Every structure is written in C-alpha cells, then in structure tokens.
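What follows is a single structure, written as structure tokens, with notes after it.
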Amino acid sequence: MERPDLHARVAASRTQRSAGSARRVRREVLRRDGARCEVSDGHGGSRSLLNFCSNDYLGLSQHFAVVNALQDAAARDGAGGVASHLVCGHHALHGALEREMADWLQVPRALLFGSGFAANLAVLQALLGDEDVCVQDRLNHASLIDGARLAGCRLRRYPHVDVEGALRQLRGAPEGAAMLATDGVFSMDGDIAPLRELAIAARVQQALLYVDDAHGVGVLGPEGRGSVAAAGLDVATVPLRLATLGKALGSCGAVVAGDADLVDHLAETARPYLYTTAMPPAQAAAALAAVKLARREHWRRERLHELVQRFRATASRHGLELLASETPIQPVLCGDNARALEMAESLEQAGYWVAAIRPPTVPEGQARLRVAFSAAHEPAQADALADALALARDRADVAASRTA
C-alpha cells in the first residue's frame, strides 16, 4: 500500500484555501510608534498605518516605565530564562510578578506561563483524565479545545453563551469529574460570557468553572480585574482563571490564578509548565511594571469606553453591521471571505490596518473585520475609522454589483 504524500496533501490544502480566499499572509512590522505602525509592503517599500488590529488595549506595550523595566532587568539578569522553573529558572522577578497578579485579582495564588496557549493546555491536562468531561462554549479559544483533546477527556460543546445548553451537556455526562470552561470575553465577537449564570450551572452540576479571561483582564471590572470581577464572582465560584500578559498588559506570557491547592498542583504536574524554559526575568519585570500601571491608571479604561461608544454611534449612523460588543473588540461583519479581504485592502489604502478574520477562526459565512481599540487611539480616530469602513463597504458593494 502506498502512503499518502504529505507534499501533495499540503499542495491540495493550499489550493483549497486559495479558492476560498482563505490564505494567510504574514505582515512585517518595521517600526511601532504608539498606535501607528510602519508595515512592509512586501516589495521593498513600506506604509505607515494606523493600527486597529492590536490587542494592546491599554496602550502599555511601549510605555516608558515598562520598557525601562525590561531594559534594566536585562542589563542585570541577562536575556534568557536559562532553565525550567523547577530546575534553576525561577527568578525573584517571576515570583514578584506572580504575587502582584494574585494580589490584583484577589486570589491566593498565581502561576506564570510563557503563553496563554500553554497555560490552557496545562490546566486541562493536569486536572482532567480519560473518565472526565470538559464542557465548553462553541466559540472558545482554540487552546481550550486543544487542551481538552490533550487531556483525553470527553469534550462537549454548547451553543454560544447558551447557559441551558451548558447545563444539558453537564447533565448528559454525569460520570467522572467535570469542568465547565469558557472565555470571559470572546476574542472574535467581543461579547462577554454570562459568568454568573454559568457559575450557578457549574455549582449545581458539581463542575469546576474555569474562565479564560485573556481579553477581559485589564479592561473590565473594578481596577481592571476582568470579567470575573465584573460579574461579582470570586475564587469560591471561579476556582481558576487565566490572565494573559500580552494583551491589555502589553507584555507576553500568562498566569493561571486562583485556588492555592489547584495552582500548586499545576506547578508540580502540568507538562507545559514542567518541560519548558522559564520566561526571561527581564520580560517578567516588564509585565510587573505594566500590571502596576494597569491597576492605578483608570483613565485608560475610561478612554477605551469613550472610543467604543463613539465608534459604535458613528458606525450605526453609517448602517455598518456590528456585533453586540461593549469591549474594545468591535467586529464588523462582511459575510464572505473575499468581501472581507477587499474591505481590508480598501482600509489599508486609506491608512488603516484592520485584520480580516475568516474561517476556521470564525464560522463559515461570518467573515469580518476585527476592529480592536487601544487607549493609544484618539476619539477623532474612532470616528474617522467608521467613516473609512463605510466607504470600504460601499466600494465593495459597487464591485459586487459589477460582477453580478
């Protein structure tokens, strides 16, 4: 029997993606300056664009205090993590960052990971096994889906933000331990999970509620403590949550925060934690500086709220199709892939960088432009973007009518 040729498989997959306007292309950022980027055009030149596709929600990635902390720590402690945390890689700066995050989120313990993806794999792999079940929102991040597969547990998914659906899935799998896992803020829709109702469902079914709050921490809740705090929940109702450092906090990495026994168990058993090199201490120093800024500079969250309200008001006047989101993630629905790409290109020609998001990241037929706001943006820029989006839509409509 002849084995399938992997090169042929790759070529067929590429052809299929091309036919569906689903190819992905990396862009090179040559320089960042606040909300503006100088981006390579792929032909030896570059273009200055106003960036509306970054997750740097609080505008902290280039803050002088964050950058200075990184530089000072690198000069003192070097550029690398040198070993895993349980060998000799755990630095005092890592510990300080974990304690600061735990204090901010008002939980007993926090554990530092190199990325949010690795952290989600760690949580599910370390806590669930073959006889257990993980019930998840259908629009959860890919890392939660992959984490359940890695754990070998039964994965059950419910319709987006459907609490009754989550309850039915939990009731339908009464054997073994159970985890109910959800994003706090959904990264492509921008809406917020019904955490209070999910907490009740989890309690009734004796399931552990785990919240991936990557896009909520820093943005929502009192002092920016995230969607869990915004819902009025604590570590008793949400024993574990994920908080990334590379989005609103402008750095990189993530922490899993919550119940001390569960977090300590992760530190001793989770393979994505045990078998990887620790984050460079300098990066932990940068994240620590960012957390302190996020805790005290409330104006950054107020600016985000103002930007979102202005954008939605202007977009509504133009008749743009927005999803129901009050977060910095403001998706503009386009429909098919080709239309989303065409509108993104029109925006780029006008000086705006907005990412076209297509399946499988979002469901088929729901391609969109994912507008993401930062405290580094100005209110007038939100209005101007909505105007440019309306023009891009109108141009796409004219082009479609010509080819019909």
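The values are calculated or read from the model by the stated rules, or taken from the named source; none is laboratory data. Bear in mind that the values here come from a model prediction, so they are computed numbers and not experimental data. Cβ: placed from backbone, ideal geometry, glycine included. Neighbour counts: every protein chain shown. The protein model used for the area step is the full one, side chains on, heavy atoms only, and it has no ligands, DNA or RNA in it. Shrake-Rupley method; radii C 1.70, N 1.55, O 1.52, S 1.80 Å.
Within segment 155-167, the presence of at least one residue that is outside any loop (DSSP other than H, G, I, E, B) and touching a Cys at 6+ places or on another chain (Cβ under 9 Å) is confirmed.
Filtered by the rule that a residue be more than 21 Å from the chain's Cα centre (by Cα) and either outside any strand (DSSP E or B) or buried (at least 18 other Cβ atoms within 10 Å of the Cβ) (or both), segment 325-339 gives Cys334, Asp336, Asn337, Ala338, Arg339.
Against the condition touching a Leu at 6+ places or on another chain (Cβ under 7 Å), surrounded by 22 or more Cβ atoms within 10 Å (Cβ to Cβ), modelled with pLDDT of 95 or more and not small (Gly, Ala, Ser), how does Leu112 come out, does it pass? The answer is yes for Leu112.
For the residues Ser21, Ser48, the requirement of being touching a residue at least 40 places away in the same chain (Cβ under 8 Å) and open to solvent by less than 40 Å² (accessible area, probe 1.4 Å) singles out Ser21. Scan segment 87-96 and give yes if some residue there is modelled with pLDDT under 95 and either within 30 Å of Glu175 (Cα to Cα) or open to solvent by less than 50 Å² (accessible area, probe 1.4 Å) (or both), otherwise no. Yes, segment 87-96 contains at least one residue that is modelled with pLDDT under 95 and either within 30 Å of Glu175 (Cα to Cα) or open to solvent by less than 50 Å² (accessible area, probe 1.4 Å) (or both). Taken over segment 313-324, the criterion of being of a type outside the set (S, T, N, Q), surrounded by fewer than 18 Cβ atoms within 10 Å (Cβ to Cβ) and part of a helix (DSSP H, G or I) is satisfied by Ala313, Arg317. For segment 354-364, the criterion of being modelled with pLDDT of 95 or more and either open to solvent by less than 20 Å² (accessible area, probe 1.4 Å) or in contact with a Ser or Thr (Cβ under 7 Å, 6 or more places away or on another chain) (or both) is met by at least one residue. Under the condition of being over 22 Å from Arg310 (Cβ atoms) and among the small types (Gly, Ala, Ser), which residue from segment 365-391 is surrounded by the fewest Cβ atoms within 10 Å (Cβ to Cβ)? Restricting to residues being over 22 Å from Arg310 (Cβ atoms) and among the small types (Gly, Ala, Ser), the top hit is Gly365. Annotation note: Cβ proximity below 6 Å between a residue of segment 295-323 that is closer than 29 Å to Asp103 by Cα and a residue that is charged (D, E, K, R) (sequence gap 6+ or interchain) occurs for Arg295/Glu223.
Of all the residues in segment 294-308, those that are more than 14 Å from Val66 (Cβ to Cβ) and open to solvent by 100 Å² or more (accessible area, probe 1.4 Å) number 3.
Does Gln62 satisfy the condition of being open to solvent by less than 10 Å² (accessible area, probe 1.4 Å), outside any helix (DSSP H, G or I) and in contact with a Lys or Arg (Cβ under 7 Å, 6 or more places away or on another chain)? Spelling it out, it is not the case that Gln62 is open to solvent by less than 10 Å² (accessible area, probe 1.4 Å), outside any helix (DSSP H, G or I) and in contact with a Lys or Arg (Cβ under 7 Å, 6 or more places away or on another chain).
Here is a yes/no grid of residues against (1) under 24 Å from Glu326 (Cα atoms); (2) surrounded by fewer than 22 Cβ atoms within 10 Å (Cβ to Cβ); (3) within 20 Å of the chain's Cα centre (by Cα):
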residue: Gly147; (1), (2), (3): no, no, yes
residue: Val161; (1), (2), (3): yes, yes, yes
residue: Glu164; (1), (2), (3): yes, yes, no
residue: Arg168; (1), (2), (3): no, yes, no
residue: Glu175; (1), (2), (3): no, yes, no
residue: Ala178; (1), (2), (3): no, no, no
residue: Met188; (1), (2), (3): yes, yes, yes
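Selection of first residues in segment 89-111 that are in contact (Cβ under 8 Å) with a residue 12 or more places away in the chain and closer than 15 Å to Val238 by Cα and of second residues that are open to solvent by less than 10 Å² (accessible area, probe 1.4 Å) and among the β-branched types (Val, Ile, Thr), restricted to Cβ pairs under 6 Å at least 6 apart or on distinct chains, gives the following pairs, ordered by first then second residue: Arg109/Val263; Ala110/Val255.
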